[in-house]
Every structure is written in C-alpha cells, then in structure tokens.
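Only one structure is covered here, and it is reproduced in the block below.
The values are calculated or read from the model by the stated rules, or taken from the named source; none is laboratory data. Being a predicted model, the structure only gives us computed values, none of them experimental. Heads up, the Cβs are rebuilt from the backbone with ideal geometry, glycines too, and the neighbour counts pull from every protein chain shown. For accessibility, only protein heavy atoms count, side chains too; no ligands or nucleic acids. Shrake-Rupley method; radii C 1.70, N 1.55, O 1.52, S 1.80 Å.
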Amino acid sequence: MPKSASRQWRGLLSRLNNRKRLSEPQFNATDVDHYLSKSYKFTFVREPFERLLSAYKDKFITRRAFDRSLLKYYGTKILHHFRPKVTKQSMEALDDITFPEFVEYIIKEGVHEGFDRHWNTYEEQCNPCLIKYDFIGRYEFLAEDGNYMLEKAGENRVQFPKEKPFDTRSELLSYYSKIPLEWILELGRVYRSNFEMFGYAFPGPLEPLFQNATRSKAPKDSTKK
C-alpha cells in the first residue's frame, strides 16, 4: 500500500532471492490465483489523513526526478483547474502547488476520474475484500507489526528496522487548518471506507480543528463585562 511503508518493505523484501512481481507478463490469471492461494499475504494501512498528507509532501514538495511524470500530469491538472490566473512560470516549474489546491482537486475532480495509487482508497488499491490477507498491520506500529508478521510468515532472514518511519502527525493540524472544515468532511466521505474498514476514528487527529470552530461560534455570555 503506497504511503504505508511500501518503499521500506520493497527495500527489505528485495534482499530475499525469491521475490516475484505477479504483474509481470509471464504470470497469467491462473498463475496469480495459484500463487496467492499458497502464499502468506500481508499489507499495511495508515491513518487516512496522515497518509494523504504524506502523499502530498512526497509528490509535490520533495519532487524527486523519478516522480517528474506524476508531478507533471497531476500538477498541471491541479493548477489549470484550481488556481485562477496561474502563471506560465508556475505551470512550467510545478514547484508551488499548495495543499489546499491538492485537496480541492481530490474532492472535486480526482474522485470522479480515479485516484493515483499514492492516494487511492484501500479497497481499490489492495482489494482487502477480495484477497484474504493473513495479516494487516498498522503504519503506526510499523516495526512491531512488521517483525511480528515476518515471524508468523516463517521468515527469519530479515528484520524490520527499528527506526521510526516518516512521521507527519506533528504537521497534520498545521496543514489541514488551511482548508475549510467542509472539505475535511468531504474527505471523510471520499475515504469513508478507509476509516471504517480498519477502525480509524473520524475526524481523528483533526478533531481539534472542529472543536476550535465550535468554540469560536459559541455565543458570548452577555452578563460578563
């Protein structure tokens, strides 16, 4: 699952000499079904708001060379549709796409045309309703869940590193405070299954934003002077 430690897992599993990609042409549907039926299957999930922010930062701020085609496709689309009077310089550089612009694209256009795998829903990306996973871990407990999974799978050649994964939790409120609460509610509808399927609360870590809005709208006590 992209943005749920997929890069770390690829690096770890690449050290094993029996790694296969079932998307390669030599594997037909029967091969895939047979391989999946006898394999230990796992995936990892992540708090939906944190995963979405991680996808934005990874693809629109870090801007690595190998991500240029993704940045060009989505960045051009976002700026064209959701930035009034966009400049030619911004369209060429694609280096100043904001988080509100990214979210507006997600809820107003992306949800209708289909998502990139880095911010896709869990059921579309990894088919947890179709594939009977032996283990589903949480990004929040990556090392513990990862090594537990490897032990259960009977794999003792590798260990998941204990260092903390890339963490965006401390930045969540800062980034999401830049968008209207209505957009957060809309994201909740778009990713509803991601919250419900794996027990993530909504609005979860963004609850303080709603509490602050409620306090700011509360009527003042006229008896106080």
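Take the conditions open to solvent by 90 Å² or more (accessible area, probe 1.4 Å), part of a helix (DSSP H, G or I) and either over 30 Å from Lys152 (Cβ atoms) or of a type in the set (A, V, I, L, M) (or both) and apply them to Phe66. Does it pass? So Phe66 passes the test.
Table: residues versus (1) out of contact with any Phe, Trp or Tyr (no Cβ under 7 Å at 6 or more places or on another chain); (2) part of a helix (DSSP H, G or I).
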{"position": "Arg7", "(1), (2)": "yes, yes"}
{"position": "Glu24", "(1), (2)": "yes, no"}
{"position": "Tyr35", "(1), (2)": "yes, yes"}
{"position": "Thr43", "(1), (2)": "no, no"}
{"position": "Glu50", "(1), (2)": "yes, yes"}
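One residue stands out in region 167-209 among those that are open to solvent by less than 50 Å² (accessible area, probe 1.4 Å) and in a loop (DSSP other than H, G, I, E, B): the one that is farthest from Tyr139 (Cα to Cα), namely Ile179. Applying the set (1) open to solvent by 30 Å² or more (accessible area, probe 1.4 Å); (2) closer than 24 Å to Met197 by Cα; (3) out of contact with any strand residue (DSSP E or B) (no Cβ under 7 Å at 6 or more places or on another chain) to Trp9 leaves exactly one unmet item: (1). Quick check: is even one residue across region 47-59 crowded, with 17+ Cβ neighbours inside 10 Å and within 21 Å of Asp134 (Cα to Cα)? Among the residues of region 47-59, at least one is crowded, with 17+ Cβ neighbours inside 10 Å and within 21 Å of Asp134 (Cα to Cα), which makes the answer yes. The numbered conditions (1) open to solvent by 40 Å² or more (accessible area, probe 1.4 Å); (2) in a helix (DSSP H, G or I); (3) closer than 26 Å to Leu187 by Cα are all true for Tyr74 except (1). Screening region 13-58 for residues that are out of contact with any helix residue (DSSP H, G or I) (no Cβ under 8 Å at 6 or more places or on another chain) and aliphatic (A, V, I, L, M) and picking the one that is nearest to Tyr148 (Cα to Cα) gives Leu13. Among helices (runs of 4 or more DSSP H) entirely within region 86-166, having at least 3 residues that are open to solvent by 70 Å² or more (accessible area, probe 1.4 Å) and at pLDDT 90 or above singles out 88-93, 142-152.
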